[in-house]
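K.L.:
I'd like to ask some things about the structure below.
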């Protein structure tokens with residue numbers, strides 16, 4: 001299944017005219033994913049292989065370097081091109097795409113809010129894949145209501161002591177660097193905690209519905225001491241930072257879901273053309289054709305919404321609502337498309353990992369990185385606050 | 001050491017379509033660097049990184065071949081020379097003639113690495129022709145290369161044996177895919193490749209006669225019918241029947 005399609009080429013040339021280098025970059029990413037990642041996807045899903053080695057190779061290819069500045073070992077490429085690269089990765093294997101996207105969200109937080117020293121110390125290693133990063137915000141009893149966080153950071157001489165726990169953390173136990181939110185008396189604050197810190201411990205790898213290649217578990221802090229220079233930005237500003245980090249991440253999660261949908265769609269049309277019923281291929285039947293048309297239209301719409309949000313982000317304007325729209329639409333579209341794929345495959349869809357895993361993978365993303373409900377709240381709030 | 005690699009911007013066989021008459025639609029088909037040519041580039045880049053020197057990539061191809069050249073440069077080539085002629089319209093001898101002139105024009109190369117054959121038509125003719133035209137030693141089907149000083153030692157992968165040969169440089173070598181695993185260029189290398197020199201040379205500048213001596217009149221796909229034999233019984237019985245059937249077909253010795 002070729003991952004880089006004519007529509008990707010068109011979108012790149014329409015949005016970034018004269019940037020043939022972006023086409024070359026994405027074609028090369030697609031070639032790597034087709035050869036090295038796609039053949040592993042069902043093995044990751046069935047826990048028959050671990051993603052570490054493949055993820056390391058993928059990071060070495062430079063996908064995560066794309067949107068970062070050159071002086072920090074990035075490639076200085078537009079965010080929209082990065083979002084398309086994550087889409088291709090999501091089509092190859094959603095779990096590994098989730099793992100590297102979250103990894104990059106941590107680097108993005110350090111880039112946006114960290115000191116010069118923190119940027120130089122962490123961003124190059126993370127984006128070039130020498131270190132794996134993780135983002136720890138959600139807690140066992142606070143998800144969307146992130147302000148209610150129970151993890152505390154107390155002043156201890158020159159540094160801080162963290163106590164509490166974080167839930168459903170992607171890359172937990174595998175990461176070298178954790179971007180952690182913990183409350184000080186001034187409010188939620190953000191810290192960089194090294195994976196080797198003896199005050200850190202991790203729960204079991206949670207048995208998930210999908211995204212099984214990525215590791216998800218609890219992260220516990222017990223008297224976890226960090227030096228003063230691990231505080232990122234200003235004390236008490238953590239919630240504002242988290243919101244900004246999540247805005248960018250939401251575009252990427254939307255793109256990831258477009259990729260999942262694309263993979264399920266390609267399998268559906270191939271099957272529909274070969275499966276015979278009542279003397280003809282089922283692709284000849286109008287109700288199957290309706291599915292094919294709706295699947296394709298949804299995928300294209302989702303891809304465009306994500307790219308639009310990325311373009312608004314590149315312009316420097318506020319893109320919170322556009323990111324939320326892209327994520328709500330693309331994640332829900334992806335679920336519909338993957339559900340239709342199971343329907344097209346019939347009994348084989350319900351019983352074949354390589355078909356139903358797409359639905360199981362997509363199912364996470366109407367919850368993670370902002371639930372559909374919270375995102376609709378954000379979109380509506382901005383529209384209703386506009387002056388008439 | 002000055003190394004040249006000759007590659008082909010081959011038809012991407014995975015995207016090749018057939019016309020209703022069963023002939024492949026070569027004109028307008030998407031192209032990519034020949035699968036085995038990546039092994040040739042990889043070997044050159046490895047030799048460069050272990051023994052120093054530089055790697056120039058040559059091809060005879062249409063304008064679209066720039067894509068394959070850039071890939072070779074991203075893999076570690078230092079510069080590229082694209083002779084702008086369509087290999088579909090000329091024959092292997094003309095391709096070898098153009099490559100020989102381009103190589104000679106660029107100075108004295110110690111080693112020229114090609115692949116065993118292109119991944120589209122796979123005639124395997126260009127490397128030996130090139131060696132003959134340049135007056136270099138030729139070693140086909142290399143599965144291992146070692147250069148020490150001004151000598152080359154080659155392990156040749158023949159059908160049922162391995163031949164080890166040595167000769168003084170310069171030489172032309174064609175490599176087989178088992179010689180190495182080609183690297184995937186990283187995105188940084190792809191971006192940097194855009195800045196590496198890539199020269200385009202028209203055939204007229206090389207003074208080579210490209211009127212083909214061999215003309216391909218037609219090319220058609222070959223159908224194959226499978227026998228679809230079903231064997232039944234217990235696993236032991238089915239295995240015995242399978243062995244008998246394979247013997248009867250001459251697949252395994254009687």
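The values are calculated or read from the model by the stated rules, or taken from the named source; none is laboratory data. The model shown is predicted, which means the values in this text are computed figures rather than measured ones. Here Cβ is always computed from backbone atoms with ideal geometry, including for glycine, and neighbour counts include all displayed protein chains.
K.L.:
Give region B:14-29 a look and list any residue that's under 30 Å from residue B:76 (Cβ atoms) and surrounded by fewer than 13 Cβ atoms within 10 Å (Cβ to Cβ), or say none.
P.N.:
Hits for region B:14-29 are B:14, B:15.
K.L.:
Going by the conditions given, is residue B:108 touching a residue at least 24 places away in the same chain (Cβ under 8 Å) and assigned by TED's automatic domain parsing to the domain that holds residue B:130?
P.N.:
Judged against the criteria, residue B:108 is a match.
K.L.:
Which condition breaks for residue A:75 when tested against (1) farther than 19 Å from residue A:258 by Cβ; (2) part of a helix (DSSP H, G or I); (3) touching a helix residue (DSSP H, G or I) at 6+ places or on another chain (Cβ under 6 Å); (4) within 10 Å of chain B (Cβ to nearest Cβ)?
P.N.:
(2)
K.L.:
Here is a further query. Considering B:211, B:131, B:137, which residue is over 24 Å from residue B:75 (Cα atoms) and outside the structural domain of residue B:75 (by TED's automatic domain parsing)?
P.N.:
Answer to the selection: B:211.
K.L.:
Quick one: which helices (runs of 4 or more DSSP H) lie wholly within region A:281-384 and hold at least 2 residues that are surrounded by 15 or more Cβ atoms within 10 Å (Cβ to Cβ)?
P.N.:
Output list reads A:286-315, A:320-345, A:353-363.
K.L.:
Right, next: For region B:117-162, how many residues meet the condition of being assigned to a loop (DSSP other than H, G, I, E, B) and under 23 Å from residue B:49 (Cβ atoms)?
P.N.:
2
K.L.:
Now for a separate question. Looking only at strands (runs of 3 or more DSSP E) that lie completely in region B:1-102, which have at least 3 residues being touching a strand residue (DSSP E or B) at 6+ places or on another chain (Cβ under 9 Å), within 14 Å of chain A (Cβ to nearest Cβ) and farther than 24 Å from residue B:132 by Cβ?
P.N.:
B:31-33
K.L.:
For region A:49-67, enumerate the residues that are over 19 Å from residue A:314 (Cβ atoms), assigned to a helix (DSSP H, G or I) and either within 10 Å of chain B (Cβ to nearest Cβ) or touching a residue at least 40 places away in the same chain (Cβ under 8 Å) (or both).
P.N.:
A:52, A:54, A:55, A:56, A:57, A:58, A:59, A:60, A:61
K.L.:
May I ask you to list the residues in region A:203-236 that are on the phi > 0 side of the Ramachandran plot and buried (at least 18 other Cβ atoms within 10 Å of the Cβ)?
P.N.:
Correct list: A:211, A:233.
K.L.:
A further question follows. Among the residues of region B:183-198, how many are outside any loop (DSSP other than H, G, I, E, B) and either facing another protein chain (nearest Cβ under 10 Å) or within 21 Å of the chain's Cα centre (by Cα) (or both)?
P.N.:
Within region B:183-198, residues that are outside any loop (DSSP other than H, G, I, E, B) and either facing another protein chain (nearest Cβ under 10 Å) or within 21 Å of the chain's Cα centre (by Cα) (or both) number 7.
K.L.:
Give the residues of region A:1-24 that are surrounded by fewer than 18 Cβ atoms within 10 Å (Cβ to Cβ), in contact (Cβ under 8 Å) with a residue 12 or more places away in the chain, within 12 Å of chain B (Cβ to nearest Cβ) and in a helix (DSSP H, G or I), sorted by residue number.
P.N.:
Correct list: A:9, A:23.
K.L.:
Moving on. Out of A:152, A:166, which single residue is surrounded by 21 or more Cβ atoms within 10 Å (Cβ to Cβ), touching a strand residue (DSSP E or B) at 6+ places or on another chain (Cβ under 6 Å) and modelled with pLDDT of 95 or more?
P.N.:
So the residue among A:152, A:166 that is surrounded by 21 or more Cβ atoms within 10 Å (Cβ to Cβ), touching a strand residue (DSSP E or B) at 6+ places or on another chain (Cβ under 6 Å) and modelled with pLDDT of 95 or more is A:166.
K.L.:
Tell me, please, whether a residue that is in contact (Cβ under 8 Å) with a residue 40 or more places away in the chain, under 13 Å from the mean Cα position of the chain (by Cα) and farther than 22 Å from residue A:5 by Cα can be found in region A:92-99. First the steps, then the outcome.
P.N.:
Looking only at region A:92-99, we keep the residues that are in contact (Cβ under 8 Å) with a residue 40 or more places away in the chain, and these are A:92-99.
With the extra rule that they be under 13 Å from the mean Cα position of the chain (by Cα), the set shrinks to A:93-99.
When the remaining residues are screened for being farther than 22 Å from residue A:5 by Cα, the result is A:99.
Yes, region A:92-99 contains a residue that is in contact (Cβ under 8 Å) with a residue 40 or more places away in the chain, under 13 Å from the mean Cα position of the chain (by Cα) and farther than 22 Å from residue A:5 by Cα.
K.L.:
In region A:80-99, is there at least one residue being within 20 Å of residue A:315 (Cβ to Cβ), surrounded by fewer than 23 Cβ atoms within 10 Å (Cβ to Cβ) and more than 10 Å from chain B (Cβ to nearest Cβ)?
P.N.:
no
K.L.:
Quick check: is even one residue across region A:122-139 over 21 Å from the mean Cα position of the chain (by Cα) and either part of a loop (DSSP other than H, G, I, E, B) or not assigned by TED's automatic domain parsing to the domain that holds residue A:170 (or both)?
P.N.:
Start the filter on region A:122-139 by keeping residues that are over 21 Å from the mean Cα position of the chain (by Cα), which leaves none.
No, region A:122-139 has no match at all.
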